[in-house]
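Engineer: Can you read through this structure? Questions will come right after.
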Number of protein chains: 2
Amino acid sequence: MYAKVEDLSIIKLYYTSMTDSLNNLRHSLAHLLASSVLELFPDAQFGVGPVIDNGFYYDFLLPRPLTPQDLPKLEKDMRKRIGQNLGFKREELSEAHAKEKFAKQPFKLELIHDLVTKGTTVFDELENEQSTPNATITSYTTGNFVDLCRGGHVESTKDIPADAFKLTHIAGAYWRGSEDNQMLQRVYGVAFLTKAELDEYLHMQEEAKKRDHRKLGQDLDLFTFSDSVGKGLPLLTPRGSVIRRELERYTVDTELARGYQHVYTPPLAKTDLYKTSGHYPYYKDTMYPVMKVDDDELILRPMTCPHHFMLFKDKPHSYRDLPLRIAEISPQFRYEKSGELTGLMRVRMFTLADAHIFVAPEDAEKEIASVLKLIDEMNQTLGLKKGVDYRYRLSLGDRADSKKYYKDDDAWERAESVLRRVLKGQKTPFYEAKNEAAFYGPKIDVQVKKVNGQEETAFTVQYDFVMPERFNLEYVAKDGKMHRPVVIHRASIGCLERTIAFLIEHYAGELPLWLSPVQVVVIPVGLKHEKACLKLGKELREAGLRVDVFTADQSVGKSIRIAEKQKSPYMLVIGDKEVKAPKLHVRERGKAKLRLVAKKTFIAELLKKIQTKAKK
Amino acid sequence: MYAKVEDLSIIKLYYTSMTDSLNNLRHSLAHLLASSVLELFPDAQFGVGPVIDNGFYYDFLLPRPLTPQDLPKLEKDMRKRIGQNLGFKREELSEAHAKEKFAKQPFKLELIHDLVTKGTTVFDELENEQSTPNATITSYTTGNFVDLCRGGHVESTKDIPADAFKLTHIAGAYWRGSEDNQMLQRVYGVAFLTKAELDEYLHMQEEAKKRDHRKLGQDLDLFTFSDSVGKGLPLLTPRGSVIRRELERYTVDTELARGYQHVYTPPLAKTDLYKTSGHYPYYKDTMYPVMKVDDDELILRPMTCPHHFMLFKDKPHSYRDLPLRIAEISPQFRYEKSGELTGLMRVRMFTLADAHIFVAPEDAEKEIASVLKLIDEMNQTLGLKKGVDYRYRLSLGDRADSKKYYKDDDAWERAESVLRRVLKGQKTPFYEAKNEAAFYGPKIDVQVKKVNGQEETAFTVQYDFVMPERFNLEYVAKDGKMHRPVVIHRASIGCLERTIAFLIEHYAGELPLWLSPVQVVVIPVGLKHEKACLKLGKELREAGLRVDVFTADQSVGKSIRIAEKQKSPYMLVIGDKEVKAPKLHVRERGKAKLRLVAKKTFIAELLKKIQTKAKK
């Protein structure tokens, strides 16, 4: 297991705002870890040991590979040091003194060199930060261990709760994150202010592991990958396809009822279209290679907007047509690095519940509010609670960065204030994030909380004042003149693949009845009951339910265990008694007790749950 | 307008079975046409003049371009010659004599050369036929005109009905169909045994022109093309998308009820997958270019089979799982030459209602019979009658052609006899076609008759004994051993784009209610009725109907004309009277008389029609 690239972005904290007590605690534990490693390996060479989300790590070059068995030993040694009430002694060093002090630590010498010449470190460089040469060089000493460090520590190890940290795992990590450099060993730890917090975190991680959609996706036979097809290109099995189809139909039907017009457009186009749109320079690294067909250059589309613009331009429009909402369950292609591909969460082809709304600028605010209302409604149907499972983020541009953002300060001001007003009108908390906008305008991100506690952007609503110019979109306004609409890009239910992944994890595989691939499993006690089971299965299917009829090849106990493992919402076991009985013995997911229900009632009950998209 | 490549395949008739009277008649008319052209242009050079579907053509090199005004003149001259009771005098020629006779006709000299050296002609070559050098050279003389010709003529021009033929149009055509050669002028004619047949044919052509889905598609705002997107890549508008969505859902629901399992797989894969399947050499010219992604070569898929095989292979199967029917509404990509692209009928990306059935060889016959039953049922729903609108063709392989067909004579025998038995069991007429099979096995083609009288393969059912070997597909049979299934490739409702085109033409745009993009148009008499119209529209929409509410911007008369042009099945005009009245005045497509119906009854009536997918 290798360290993830994302971790590096966190390292900024190490050299900047190491102020709050939790960070100081975690950073001090990194030093204690290094101190214990030095005890075990006197010749250890040290890389860096920053604070990260929920904890810390430290990179080492060691004479032998660490094993999981080393971690408890290191923890024990760290606790011993905590008990010794050691201080963190700061010292300012001249360049010469620093080089002498770390003479046997080549990685530290490199860092010193960077600090002196560029005032920066390898990690700051990755972040493209300003450099200020001749920064002060400082070291911190704790017991036997001296580290080159900008600081941010507890006063004494006695301030560290000995029972609120844990070393979690070991991974390989290249020095400076580059494959050209030496591979070091990275030890990860998590740390909190109290044992209760640590326990909760570890429990959540355990839970996240159990709920991991990649694991459940395999256990529940929902999707698969094939080496012959290609990386990041999931094949949904019949069971997984049920979820996608239900989500797709629900999205289309809901949007049609809300005045959207759904279309089908081809998932490729001439490369020039993305040059006109201005997407090309921003997306070319994540686009698929160009295909030369006759004299044209075609490319798989990384977004739907230009196709929908072509439909808008296909005929003239008046103000009476607006807002014109063109929607599509849209296949899209983006090249993600193979190391970043993650089950259905990050793929190389995805299907976005996309739409582009052409609206008069004065009506944009109202329209965006109804988009958020639609998203709230759909999230509610999916069982996601606002403020708990998701929250809004207002993603802003940076007026100073005309390379990343289209230059039009006034337009940005106006657009951002429209979005801010909409969000304030929602009366739900939101937060603002700088430098997260699209190149063509600010956006509202719907941030969904994953089971591992991380937040991910699931859906977005973007305010676009650039494309209407570039594509010369226009409509006849009430004044009889041609006006320019604003375009709202929005994804209601997001990318279907990712939403399926979210839902699998959110429900730990126990999907609501309407999304369950198989809704009822019928189990025969013995061979002689198979016929009755097939008949019952047929009846339930004709009523509109998704049914799986098992055979008697295995024992009833085993059949029940299989159905339970498949998270089947309902099981009906049919034996001598049940074949004759007028009522069904219903075994419901998560309920120990069997229920005795008339068949007709059972069917009606399930159909109602499906129709209302009940959560449980 | 250029001659189509398909025409060339017909030319075989010219040199082979020119036996039946209609062909003789048409061929003789081609000679008369050449004769009349010679009269008009004494220096004319002659290409070939074969029989084609419904008539004939002749290619000429002339000193000036022909105009449509020339055609009646030529017709008149041809009729004059018919009246002269001219014979068709056959003569066998030595090579020297032939060359002397056609000394001033370079195209004929080329043909003579081919006949002598290869015993074949340019067109036979295109067909890859066997050559037999030193074939007999014959000429036919009619009046002033001598032609190099293998024969098949009427005895005298008096056998030609003078009122049953017509010269229809002029097109450019390269000599030998190659762009490297000279461009000739081709004159097309149609000819029948009676004037009544000619009139019927011409009427059908007129009708076909009116029903042309490209014209109706634009008039009814169903689909469009964009130069910026690319050739052969249709964008379905909101209206056209309704048709596709309805067809798609109907197909999926019907197939699910018949035990198919619908899946979603990515429309691209590694190129190697198509090398394993053996498709690559046969399809590479019509496949899109390879895309290099990391170290892999990816390609847009031209068919779905390998993806479904990967799903089949994803887990072990027993005989109890079979027949296993994996289906998909599958996007596919094939490069068609730009000259062959035709609206939605021939495109570069299409969506096939595809399926692959894995079945034990002994159950294949039964399974194919149920596939045909499904196709019949679906065709019936679409309003296509067996024996009238479509018929079955049994497409066979050629044991001798091991380049085109996988070599396994026994397997071919078995497979063909299975398909023949199924077709015989259907008790509906079918015909057999040699050399039309897939490389991996014989197939049953569902041949749909287009409004212009031409037949086109709409759906196919293929028996595949090759892929299961190539992909090592297997299942555990009752005997506990691994067995090889047969794969049935089938398209139930065909390619959605093409089926939409068929249906538009079949119904002349007047689609059945369930497929109509807009089902009810509500028209206000004046401005003051707009509100009532909007209210009514909302009510109808909430009942589940697709409704368009017009504004009062134009007169009622104009609104009705627009709705009629859009082929709207129902119109409701709302004025003073209707706002107050308890009943609706219903104007039904194709019916002159208004009906007075209670709103509730109207809604129930329409919903029932939609639910039962009524034809009218």
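The values are calculated or read from the model by the stated rules, or taken from the named source; none is laboratory data. As the structure is a prediction and not an experimental result, all values here were calculated from the model. Don't worry about glycine lacking a Cβ; one is built from the backbone with ideal geometry, like all the others, and counts go over all protein chains shown. Keep in mind that these areas ignore ligands, DNA and RNA; they rest on the heavy atoms of the full protein, side chains included. Shrake-Rupley method; radii C 1.70, N 1.55, O 1.52, S 1.80 Å.
Engineer: Out of A:Ser241, A:Ser228, I need the residue that is part of a helix (DSSP H, G or I) and at the interface with another protein chain (Cβ under 7 Å from one of its Cβ atoms). Which one?
Structural biologist: Working: A:Ser228 fails: part of a helix (DSSP H, G or I).
Going through A:Ser241, A:Ser228 in turn, just one is part of a helix (DSSP H, G or I) and at the interface with another protein chain (Cβ under 7 Å from one of its Cβ atoms): A:Ser241.
Engineer: What is the residue count in segment B:145-166 for residues that are open to solvent by 50 Å² or more (accessible area, probe 1.4 Å) and part of a loop (DSSP other than H, G, I, E, B)?
Structural biologist: Counting residues in segment B:145-166 that are open to solvent by 50 Å² or more (accessible area, probe 1.4 Å) and part of a loop (DSSP other than H, G, I, E, B) gives 3.
Engineer: Can you list residue pairs whose Cβ atoms sit under 7 Å apart, with the first residue in segment A:322-344 being facing another protein chain (nearest Cβ under 9 Å) and outside any strand (DSSP E or B) and the second being of a type in the set (Ser, Thr, Tyr) and open to solvent by less than 40 Å² (accessible area, probe 1.4 Å)? Count only pairs 6 or more apart in sequence or on different chains.
Structural biologist: That search, which allows pairs on different chains as well, returns A:Tyr335/A:Tyr288.
Engineer: Continuing with the same structure: Inspect segment A:212-220 for any residue being within 13 Å of chain B (Cβ to nearest Cβ) and touching a His at 6+ places or on another chain (Cβ under 9 Å) and give the result as yes or no.
Structural biologist: no
Engineer: I'm told A:Gly537 meets every condition in (1) more than 41 Å from the chain's Cα centre (by Cα); (2) surrounded by 14 or more Cβ atoms within 10 Å (Cβ to Cβ) except one. Can you identify the failing condition by its number?
Structural biologist: Here A:Gly537 meets the rest and fails (1).
Engineer: Picking from B:Gly575, B:Gly590, which residue would you name as being small (Gly, Ala, Ser) and touching a helix residue (DSSP H, G or I) at 6+ places or on another chain (Cβ under 8 Å)? Lay out the reasoning, then the answer.
Structural biologist: Numbers: B:Gly590 fails: touching a helix residue (DSSP H, G or I) at 6+ places or on another chain (Cβ under 8 Å).
From the options B:Gly575, B:Gly590, the qualifying one is B:Gly575.
Engineer: Are any residues in segment B:276-291 more than 9 Å from chain A (Cβ to nearest Cβ) and open to solvent by 30 Å² or more (accessible area, probe 1.4 Å), and if so, which ones?
Structural biologist: B:Tyr280, B:Pro281, B:Tyr282, B:Tyr283, B:Lys284, B:Asp285, B:Thr286 - these are the residues of segment B:276-291 that are more than 9 Å from chain A (Cβ to nearest Cβ) and open to solvent by 30 Å² or more (accessible area, probe 1.4 Å).
Engineer: If you check A:Phe439 against the conditions, is it surrounded by fewer than 23 Cβ atoms within 10 Å (Cβ to Cβ), in contact (Cβ under 8 Å) with a residue 40 or more places away in the chain and closer than 25 Å to A:Arg420 by Cβ?
Structural biologist: yes
Engineer: Right, here's the next one. Considering each of B:Leu247, B:Leu273 in turn, give the residue that is facing another protein chain (nearest Cβ under 8 Å) and assigned to a helix (DSSP H, G or I).
Structural biologist: The unique qualifying residue is B:Leu273.
Engineer: Inspect segment A:302-312 for any residue being more than 8 Å from chain B (Cβ to nearest Cβ), open to solvent by 30 Å² or more (accessible area, probe 1.4 Å) and over 25 Å from the mean Cα position of the chain (by Cα) and give the result as yes or no.
Structural biologist: Checked segment A:302-312: no residue is more than 8 Å from chain B (Cβ to nearest Cβ), open to solvent by 30 Å² or more (accessible area, probe 1.4 Å) and over 25 Å from the mean Cα position of the chain (by Cα).
Engineer: To continue, here is another question. Only one residue in A:Val597, A:Val521 is free of Cβ contacts under 8 Å to residues at least 40 places away in the same chain and either on the phi < 0 side of the Ramachandran plot or part of a loop (DSSP other than H, G, I, E, B) (or both), so which one is that?
Structural biologist: On inspection, the qualifying residue turns out to be A:Val597.
Rundown of residues vs (1) assigned to a loop (DSSP other than H, G, I, E, B); (2) modelled with pLDDT of 95 or more; (3) touching a helix residue (DSSP H, G or I) at 6+ places or on another chain (Cβ under 8 Å); (4) open to solvent by 90 Å² or more (accessible area, probe 1.4 Å), yes/no style:
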{"site": "A:Tyr57", "(1), (2), (3), (4)": "no, yes, yes, no"}
{"site": "A:Phe60", "(1), (2), (3), (4)": "no, yes, yes, no"}
{"site": "A:Leu71", "(1), (2), (3), (4)": "no, yes, no, no"}
{"site": "A:Lys76", "(1), (2), (3), (4)": "no, yes, no, yes"}
{"site": "A:Ala98", "(1), (2), (3), (4)": "no, no, yes, no"}
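Engineer: I've got another one for you. Quick check on my filter: what residues within segment B:451-468 are touching an Asp or Glu at 6+ places or on another chain (Cβ under 6 Å) and either surrounded by fewer than 19 Cβ atoms within 10 Å (Cβ to Cβ) or in a strand (DSSP E or B) (or both)?
Structural biologist: B:Thr457, B:Thr460
Engineer: Follow-up question, since we're still on this one. I'd like to check something: does segment A:349-368 contain any residue that is at pLDDT below 95, under 30 Å from A:Gly217 (Cβ atoms), more than 9 Å from chain B (Cβ to nearest Cβ) and not in a helix (DSSP H, G or I)?
Structural biologist: No; the residues of segment A:349-368 include none that is at pLDDT below 95, under 30 Å from A:Gly217 (Cβ atoms), more than 9 Å from chain B (Cβ to nearest Cβ) and not in a helix (DSSP H, G or I).
Engineer: Hey, another quick one. Which of the residues belonging to segment B:208-225 are closer than 25 Å to A:Gly259 by Cα and not in a helix (DSSP H, G or I)?
Structural biologist: B:Leu220, B:Asp221, B:Leu222, B:Phe223, B:Thr224, B:Phe225
Engineer: Could I ask something else about it? What is the residue count in segment B:276-299 for residues that are assigned to a loop (DSSP other than H, G, I, E, B) and within 24 Å of the chain's Cα centre (by Cα)? Steps first, answer last, please.
Structural biologist: Of the residues in segment B:276-299, the ones assigned to a loop (DSSP other than H, G, I, E, B) are B:278, B:287-290, B:294-295.
Right, trim to within 24 Å of the chain's Cα centre (by Cα) and you get B:287-288.
Within segment B:276-299, residues that are assigned to a loop (DSSP other than H, G, I, E, B) and within 24 Å of the chain's Cα centre (by Cα) number 2.
Engineer: All but one of (1) open to solvent by 50 Å² or more (accessible area, probe 1.4 Å); (2) in a strand (DSSP E or B); (3) not small (Gly, Ala, Ser) hold for B:Val190; state the number of the condition that does not hold.
Structural biologist: Every listed condition holds for B:Val190 apart from (1).
Engineer: Additional query: Consider B:Glu197 carefully, then state whether it is more than 25 Å from B:Pro569 (Cβ to Cβ) and of a type in the set (Asp, Glu).
Structural biologist: Criteria met by B:Glu197.
Engineer: Please state which of the following conditions A:Asp294 fails to meet, knowing it meets all the rest: (1) surrounded by fewer than 22 Cβ atoms within 10 Å (Cβ to Cβ); (2) more than 7 Å from chain B (Cβ to nearest Cβ).
Structural biologist: Every listed condition holds for A:Asp294 apart from (2).
Engineer: How many residues are among the basic types (Lys, Arg) and open to solvent by less than 10 Å² (accessible area, probe 1.4 Å) if we restrict to segment B:321-355?
Structural biologist: Of the residues in that region, 1 qualify.
Engineer: Another question, then. Of all residues in segment B:250-270 being within 18 Å of B:Val371 (Cα to Cα) and open to solvent by 30 Å² or more (accessible area, probe 1.4 Å), which is nearest to the other protein chains (Cβ to nearest Cβ)?
Structural biologist: Ranking the candidates gives B:Gln261 first.
Here's the yes/no breakdown for (1) among the aromatic types (Phe, Trp, Tyr); (2) under 30 Å from A:Glu207 (Cβ atoms):
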| position | (1), (2) |
| --- | --- |
| A:Tyr475 | yes, no |
| A:Ile500 | no, yes |
| A:Ile504 | no, yes |
| A:Gly526 | no, no |
| A:Asp548 | no, yes |
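Engineer: Looking only at segment A:499-513, which residues are in contact with a Leu (Cβ under 8 Å, 6 or more places away or on another chain) and open to solvent by less than 10 Å² (accessible area, probe 1.4 Å)?
Structural biologist: Within segment A:499-513, A:Thr499, A:Ile500, A:Ala501, A:Leu503, A:Ile504, A:Gly509, A:Leu511, A:Leu513 qualify.
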